[in-house]
Amino acid sequence: MINDIKQDALNRMDKSIEAFKIELSKIRTGRAHVGLLNHITVDYYGSEVPIGQAANLTVEDARTLAVTPWDKSMVAVIEKAILSSDLGLNPSSAGTVIRVPMPPLTEERRKELVKVVRELAENARISVRNIRRDANNDLKALLNDKDISEDEDHKGHELVQQVTNQSTDEIETLLQGKETELMEI
């Protein structure tokens, strides 16, 4: 029973960390990577689809993305979708290829992004702590129902705390890496 509770907490904490990683990948650094455009959707023959399903996304160099639509008639639609996104990018089309240059980040914008990243990390930590609380409540319920002894309850709390510490350490490592990446010029 205790191992089931620990495993459930670990799985849920891993999902929180994965969600944090996804949020981090959306935050733009000075370098170009195709993940920046993943959340942009385009109108592809009457249905909204992610840009990756309507075009081939590649990194041309450190500061430029290349978007090659599967259908030549989609060039203008994809260019408009990138332009109207919240990323502040200015694409330019050259025939069938849309080039998306990454403007360099200003020092002020870098600091704002670091604040955003720290806030995301804190939200991830809160999520992990809520999962720990749920697991501890489950252990307490087992103790009250006399399904486990006090020693087993104490051991269970220690196991849950170990999993929590591992998860918060991983969140901290991801945070430090992203902050370093953001502050690089």
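The values are calculated or read from the model by the stated rules, or taken from the named source; none is laboratory data. Quantities reported herein were computed from a predicted structural model and do not represent experimental measurements. Note that we place each Cβ from the backbone using ideal geometry, even for glycine, and neighbour counts take in every protein chain shown.
What residue, of Val128, Val160, is buried (at least 18 other Cβ atoms within 10 Å of the Cβ), under 13 Å from Ile2 (Cα atoms), β-branched (Val, Ile, Thr) and more than 15 Å from the chain's Cα centre (by Cα)? Show your work before the answer.
Values: Val128 fails: under 13 Å from Ile2 (Cα atoms).
Just a single option satisfies the conditions, and that option is Val160.
Search region 93-120 for residues being in a loop (DSSP other than H, G, I, E, B) and more than 23 Å from the chain's Cα centre (by Cα), and hand back the single one that is farthest from Met74 (Cα to Cα).
Filtering region 93-120 for residues in a loop (DSSP other than H, G, I, E, B) gives 95-96, 102-106.
Cutting the leftovers down to more than 23 Å from the chain's Cα centre (by Cα) gives us 95-96.
On the way: Gly95: 11, Thr96: 9 Å.
Result: Gly95.
Which numbered condition trips up Lys155, out of (1) part of a loop (DSSP other than H, G, I, E, B); (2) surrounded by 12 or more Cβ atoms within 10 Å (Cβ to Cβ); (3) of a type outside the set (A, V, I, L, M, F, W, C)?
Answer for Lys155: the failing condition is (1).
Could you tell me which numbered condition Ala124 fails, if it satisfies all but one of (1) free of Cβ contacts under 8 Å to residues at least 24 places away in the same chain; (2) in contact with a Phe, Trp or Tyr (Cβ under 6 Å, 6 or more places away or on another chain)?
With (1) free of Cβ contacts under 8 Å to residues at least 24 places away in the same chain; (2) in contact with a Phe, Trp or Tyr (Cβ under 6 Å, 6 or more places away or on another chain) applied to Ala124, the lone miss is (1).
Restricting region 95-119 to residues that are farther than 14 Å from Gln176 by Cα and among the β-branched types (Val, Ile, Thr), which is modelled with the lowest pLDDT?
Thr106
Does at least one position in region 142-152 carry a residue that is in a helix (DSSP H, G or I), surrounded by fewer than 16 Cβ atoms within 10 Å (Cβ to Cβ) and not assigned by TED's automatic domain parsing to the domain that holds Glu179?
No.
What is the residue count in region 4-50 for residues that are out of contact with any Gly (no Cβ under 8 Å at 6 or more places or on another chain), among the β-branched types (Val, Ile, Thr) and not in a loop (DSSP other than H, G, I, E, B)?
The number of residues fulfilling the criteria is 5.
Select from region 126-166 the residues that are in contact with a Ser or Thr (Cβ under 6 Å, 6 or more places away or on another chain) and among the hydroxyl-bearing types (Ser, Thr, Tyr) and list them in ascending order. Break it down stepwise before answering.
Residues of region 126-166 in contact with a Ser or Thr (Cβ under 6 Å, 6 or more places away or on another chain): 127-128, 132.
Listed by number, the list holds a single entry, Ser127.
Sort out which residues of region 18-68 are of a type in the set (S, T, N, Q) and touching a Ser or Thr at 6+ places or on another chain (Cβ under 6 Å), and write them in order of number.
Selection gives Asn56 alone.
In region 56-73, which residues are part of a strand (DSSP E or B) and free of Cβ contacts under 8 Å to residues at least 12 places away in the same chain? I'd like the intermediate steps shown before the answer.
Just the residues of region 56-73 that are part of a strand (DSSP E or B), to begin with: 56-61, 64-69.
Scanning region 56-73 gives no hits.
Can you tell me which residue in region 9-40 is nearest to Glu179 (Cα to Cα), limited to those that are crowded, with 16+ Cβ neighbours inside 10 Å and polar (S, T, N, Q)?
If we take residues in region 9-40 being crowded, with 16+ Cβ neighbours inside 10 Å and polar (S, T, N, Q), then Thr29 is nearest to Glu179 (Cα to Cα).
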